[in-house]
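The values are calculated or read from the model by the stated rules, or taken from the named source; none is laboratory data. Nothing here was measured: the structure is a model prediction, and the numbers come from that model. Positions of Cβ are backbone-derived with ideal geometry, glycine not excepted, and every protein chain shown enters the neighbour counts.
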Amino acid sequence: MGYVDVAGVRFTLPDGRVLLEDVSFRVGDGACAALVGENGAGKTTLLRIISGDLTPDGGSVARTGGLGVMRQFIGSVRDDTTVQRFLIDLAPPAVREAWDAVEAAELAMMEGDDEPAQMAYANALGHWGDVGGYDVEVTWDTVTVAALGVPYDGCKYRELASLSGGEQKRLALECLLRGPDQVLLLDEPDNYLDVPGKRWLEERLIESRKTVLFVSHDRELLARVADRVVTVEGGGAWVHGGDFASYPAARTARHERMAELRKRWDEEHQRLVDLVRTMQQQAKNSPDMAARYHAMQTRLAKYEAAGPPPDRPPDQHVAMRLRGGRTGVRVLVAEQLELTGLMKPFDLEVDYGDRVAVLGSNGAGKSHFLRLLAGQDVAHTGGWRLGARVVPGFFAQTHAHPEWLDRSLVDLLWHGEPGRPGVDRGRAMATLRRYGLAPQGDQLFRSLSGGQQARFQVLLLELSGATLLLLDEPTDNLDVLSAESLEEALGAFDGTVVAVTHDRWFARTFDRFLVFGAGGQVYEAPEPVFDEARVQRTR
Amino acid sequence: MTTVLAPRSSDDESVEQAVARLLAEEYGTLAGPQVVMGVVQNARRELAGSPVGALPELVERLARYRLHTSVS
């Protein structure tokens, strides 16, 4: 039995901006609620308030059933945290405290093995047993075997940094889902998981009877798992009581209702203002009207004091206009192409207008293939060529542009680069505005969120006049609305698209599927294939 | 008057193991088997309530410390 009840929460950022205002919602026992909202809307802040990491300026959070939290950074831990320490940090507070006491007593015994130190150690061990520590260790053994295939004793001193991002996520999820906490807060639990890993997560969340509040941008995961959707937008939050399939319609209806209520309030307000003005004139000529004039003034004051209903949240203005242009019929021809050491030779022909999704597990060589087509230096044998009037535009995973990190967006647009002419500040700001990036125009690229960096890269593609889009995981960091906007833009793009993706929802919008198999073979499939095994290579 | 019959601590494996190990060291000759047995049983009584799995180590450590103090 567990629930989370958020009532009237208000949170102000250090710079004085109100991020959350009067946020109220409840996630009841056994519910699996998705927390959605655009990048920077305050989802992670709200999770941190619920978990007690942040104190709100107003309002309250009530919860029962023990709280397990998986934070966003899990998957990218690169410090010297061990598996043991990681599991302890995910355990309930009583277990954590008992463990810390045992460790402190062990240290004290190393310093001086006298009678008080030994009795303190015995007491600490007794307390460890009382809080269920030995049972927790049995659970940890199950967890490490399930996530890593190794017993707890065999990996407890291993550094977390030596595990892949997916293994770190899997370890945390196994621990929380098998643990005693009845309420789980999961911040992007699917990041770093490949498609089989995401499917595993979906099954486990569907089976689980725990109360779960999770943040995710993966529409497939949202559609399969969420039984309600909490939306953070416009500084507030509201709950759609249905699944994700019915969510877009519910959101549109809500926005229309809010706009209608606001319109009615404005109309009534104008009517009262007009009445007050009329009566003011009449009161000048007729003392009898003075009392009615004052009564009307009071009525208007009360109406204004009650305030208008909240306005509809501003739409996320992301208008991507990928234009492209007509090219030769044959856009790409590859003959017996082989990326050295990555895959077996294959032939490929891509025609004008094709939408080709490149699928396969990590390490299969998909990104190298895209980089080769983008004109970068990638070792290969066999031949490949682009057709007439084909101009490739490359969207790389965000970490692939170290040279952009310390430059502002306006600066990057102003100077241009080979193949993309620079634009003046006015046009740069206008373009940034269409992508919802105008406030970040003078910020450094490194300071943008992952979603903002991704949007900026699409913007550069728009300006480059590319007729062949080469996209490497373009939706990875995009919030749901931005991903939909990108899909719309690609739908209207006059040209050819080749995209590497693990996003099942996004992949279904393509019409050809090129699969990089685990055994090095490259083949075309009539449907998306997501269960290719991970490529094993000797390193 | 009521007499509470406590389990004999000498039945405990942790006691037997600790006595055997301490007698095999110098405490068998320096303190004698009776003293070692008494010190170990006392330690076991005082550590009652500790996790069973940890008892052998805890009992032996405490008894060794006390024997070492008394002998030296």
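Identify, please: which residue in segment A:102-151 is hydroxyl-bearing (Ser, Thr, Tyr) and in contact (Cβ under 8 Å) with a residue 24 or more places away in the chain and is, among those, nearest to the other protein chains (Cβ to nearest Cβ)?
That would be A:Thr139.
Go through segment A:139-154 and count every residue that is assigned to a helix (DSSP H, G or I) and closer than 13 Å to A:Gln84 by Cα.
Residues in segment A:139-154 being assigned to a helix (DSSP H, G or I) and closer than 13 Å to A:Gln84 by Cα: 8 in total.
Quick one: A:Arg219 ticks every box in (1) of a type in the set (Lys, Arg); (2) out of contact with any Phe, Trp or Tyr (no Cβ under 6 Å at 6 or more places or on another chain); (3) surrounded by fewer than 23 Cβ atoms within 10 Å (Cβ to Cβ) bar one, so which box is it?
Single failed check for A:Arg219: (2).
Assuming A:Gly324 fulfils every condition listed in (1) at pLDDT 90 or above; (2) on the phi > 0 side of the Ramachandran plot; (3) touching a Phe, Trp or Tyr at 6+ places or on another chain (Cβ under 9 Å) apart from one, which condition is it?
Going through the list (1) at pLDDT 90 or above; (2) on the phi > 0 side of the Ramachandran plot; (3) touching a Phe, Trp or Tyr at 6+ places or on another chain (Cβ under 9 Å), A:Gly324 breaks only (1).
In segment A:161-181, which residue that is crowded, with 21+ Cβ neighbours inside 10 Å and touching a residue at least 40 places away in the same chain (Cβ under 8 Å) is farthest from A:Ile206 (Cα to Cα)?
A:Gln168
Which is buried (at least 18 other Cβ atoms within 10 Å of the Cβ) and not basic (Lys, Arg), of A:Asp503, A:Asp494?
Residue meeting the stated conditions: A:Asp503.
List pairs: first residue in segment A:259-282 and aliphatic (A, V, I, L, M), second residue not in a helix (DSSP H, G or I) anywhere in the structure, Cβ distance under 9 angstrom, at least six positions apart or on different chains.
Filtered contacts from segment A:259-282: A:Ala259/A:Asp311; A:Ala259/A:Arg312; A:Leu261/A:Pro308; A:Leu261/A:Pro309; A:Leu261/A:Pro310.
Only residues that are closer than 24 Å to A:Leu193 by Cβ and either over 25 Å from the mean Cα position of the chain (by Cα) or modelled with pLDDT under 95 (or both): list them for segment A:333-357, please.
Once the filter is applied, which keeps residues that are closer than 24 Å to A:Leu193 by Cβ and either over 25 Å from the mean Cα position of the chain (by Cα) or modelled with pLDDT under 95 (or both), segment A:333-357 yields A:Leu342, A:Met343.
Identify, from the list A:Asp15, A:Asp29, the residue that is farther than 28 Å from A:Pro248 by Cα, surrounded by fewer than 19 Cβ atoms within 10 Å (Cβ to Cβ) and not small (Gly, Ala, Ser).
It is A:Asp15.
Restricting to segment A:358-372, name every residue that is crowded, with 20+ Cβ neighbours inside 10 Å and modelled with pLDDT of 90 or more.
Residues satisfying the conditions are A:Val358, A:Leu359, A:Phe369, A:Leu370.
What number of residues within segment B:34-72 are within 8 Å of another protein chain (Cβ to nearest Cβ) and acidic (Asp, Glu)?
1
Please note which helices (runs of 4 or more DSSP H) are completely contained in segment A:421-539 and include at least 1 residues that are free of Cβ contacts under 8 Å to residues at least 12 places away in the same chain and under 20 Å from the mean Cα position of the chain (by Cα).
A:480-492
A:Glu103 - would you say it is at pLDDT 90 or above, part of a helix (DSSP H, G or I) and not polar (S, T, N, Q)?
Here the answer is yes, as A:Glu103 does meet what is asked.
Against the condition under 30 Å from A:Asp29 (Cβ atoms), within 18 Å of the chain's Cα centre (by Cα) and in contact (Cβ under 8 Å) with a residue 12 or more places away in the chain, how does A:Val239 come out, does it pass?
No, not satisfied.
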